[in-house]
Structure formats: structure tokens, C-alpha cells
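Working notes, structure below.
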Amino acid sequence: MSLEDHLGDIIRKARAMSDATASVAARAAQLRETELSSLEDSGRFSKRPDFIALANAIGLNGKKLENIANGWLPAEKDLNTWQSFRMFTSAGDGMTVNCFLVWDETTRAAALFDTGFDASVVLATIGKERLQLQHIFITHSHPDHVAALGEIREAQPQAEVHSSSKHAPARQRNQPGAVVSVGGLRVSHRETPGHAADGVTYVIAGWPQNAPAVAIVGDAIFAASMGRGNDGWDLARNKVREQILTLPPPTLLCPGHGPLTTVAEEQGNNPFF
Ligand SMILES: [Zn+2]
């Protein structure tokens, strides 16, 4: 899977975040404005920019930005490490989005994190694996992440919905410090607003064979990038720093878009941090 944000997307987001105009960024990069704009659109360049100076001008880490330009990708993950964990990628409205299903092998208790666009693949897996869907956790209520929620709830009415939305019914709202059990798995949460006011990260622990924790981060962070700071860029960046990058380094990060990554990989490679 390629990165959710290509090099140009990363640069454009960083400019928005740092309020750097195209002319300031282009000058730092030693590019013409038209060259910068084509780099931002396509992620590709014909003349190599001065990445270090560009990164300095737009608040990114230069070495890491250069690494992205050189084709860095997070390592392929072996999902068999986590019993049992599935990622589904569905398409709609001209984009793709990830959702995640986890369950306890013994009790068959299951939890879904976001729904994506396609209820059928989720429901088919629940049926085929003879799972009891007990919980649906929502990372934030942007339409792509909850598109199939109605259909899944209709098919699985016993599943409890959890979210950090102020608009959700009180019994659905994540309570501070709450830990939800899914068989032997334990789900806790950390508020990560910034991309969305109700943005929240769910941390799943208690895996067999001591497999690392899994964090479902919504659009707070992507491999090598981060979600648009709709609710405040500084807030978004600070929450990722405080609430996500402080998890143990082997923690698997599961973004709403693009490939899986880890805390260690993002600490070492994400130019926003
Ligand atoms: Zn979103």
C-alpha cells in the first residue's frame, strides 16, 4: 500500500500548518513557484529541491522529509502476530478508508473500529468466523469512517457503540479511564482531537503471546504524515505527540487511511515529529 499522503501532500499540509506562503517555501527549496506547485500536486519533482531548507521553512524535519522523497515506506506488517485482527479497506466518494475487526479466539467476542463504506465484508467475516460483535468503536464521525454504521447496527443490534462525540447519546460516550473488555482483550482510549473535535485513539492490549498493543488512531496520524488540522493544526500535532507517540515503540498504529505503521517507525520517519 502506498502512503496516504505523497511528498507533495506532506509539503502542502506543512505549509498550511506553518502559514508559509508558496513563494516563501519555493524560495527556501530553490524552486520556482510553478515547480513547487507541481511538486505539491504530483509528489514528484524534476529538479531536486533543497529539502533541508524547505523543511526548515515549513516546520518539518528535513532529514525525514528527504527520506520520504527517497521512497520510505513502513515495513509490511504480519497480521498473524495479533490473534485475531483484520483490516478492511473500502472505497466510496472517491477515497478509500480502513476499518478494523478484532476478536478473542476463544470466546469469539469481537469489536469493530470504524465501519468504512462496506458493511458486507465486515458482516461476512463476523458470520464466517462465528463472532459475537459486542462493540463498535468510532474514532471520529467524519462520513467516510461511519458510512456503513447504520447497516451494521441493523444487522448487529446488540453491539454497543462508543464514541467521543458530544452529539452521541450519553450512554455511547467514552468515559474517562474506562476499559472495555472484548473477551481477553482490553480497549482503552485517549482523546486525540485536532483533525476532528471528537477524534479519539483506541488502544487494544491483552493480546495472546504478548503481541504489542494496537492503536486505532483514526486520522490523527498517517504513516509519514498526519490528518488535516480541521480543528486546529497545533492541537492536532500536540495530541499526536502526547497521546500516540508516547505509546511503547512496538505499538502497531492503524490509521484510517494508508498503510499500517508503528510508533517506532513514525518517531524515526514522520517529518511532522
Ligand atoms: Zn477524518
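Worth a mention:
- The mean sequence distance of close C-alpha pairs (under 8 Å, at least 6 residues apart), as a share of the length of the chain, puts its relative contact order at 17 percent.
- The mean sequence distance of close C-alpha pairs (under 8 Å, at least 6 residues apart), as a share of the length of the stretch 38-136, puts its relative contact order at 16 percent.
- GNM flexibility winner over the chain from Asp234, Asp114, Asp198 (Cα, springs under 10 Å): Asp234
- Sequence of Cys254, Cys99 once ranked by neighbouring C-beta atoms within 10 Å, starting from the fewest: Cys254, Cys99
- Exposure proxy for Ser90, Ser42: other Cβ atoms within 10 Å of each Cβ, ordered fewest to most, give Ser42, Ser90.
- Note on the chain: helix-only mean residue ellipticity at 222 nm, from DSSP H runs of 4+ residues weighted -39500 (n - 2.57) and normalised by residue number, equals -8000 deg cm²/dmol.
- Only lysines eight or more places from Lys239 in sequence, or on another chain, were considered; those with a Cα closer than 18 Å are Lys13.
- Neighbour-count ranking [beta-carbon atoms within 10 angstrom, fewest first] of Thr34, Thr107: Thr34, Thr107
Readers should treat all values here as calculations from the given coordinates under stated rules, not as data from a laboratory. This one's a predicted model, so the numbers in the text were calculated from it and none came from an experiment. Positions of Cβ are backbone-derived with ideal geometry, glycine not excepted, and every protein chain shown enters the neighbour counts.
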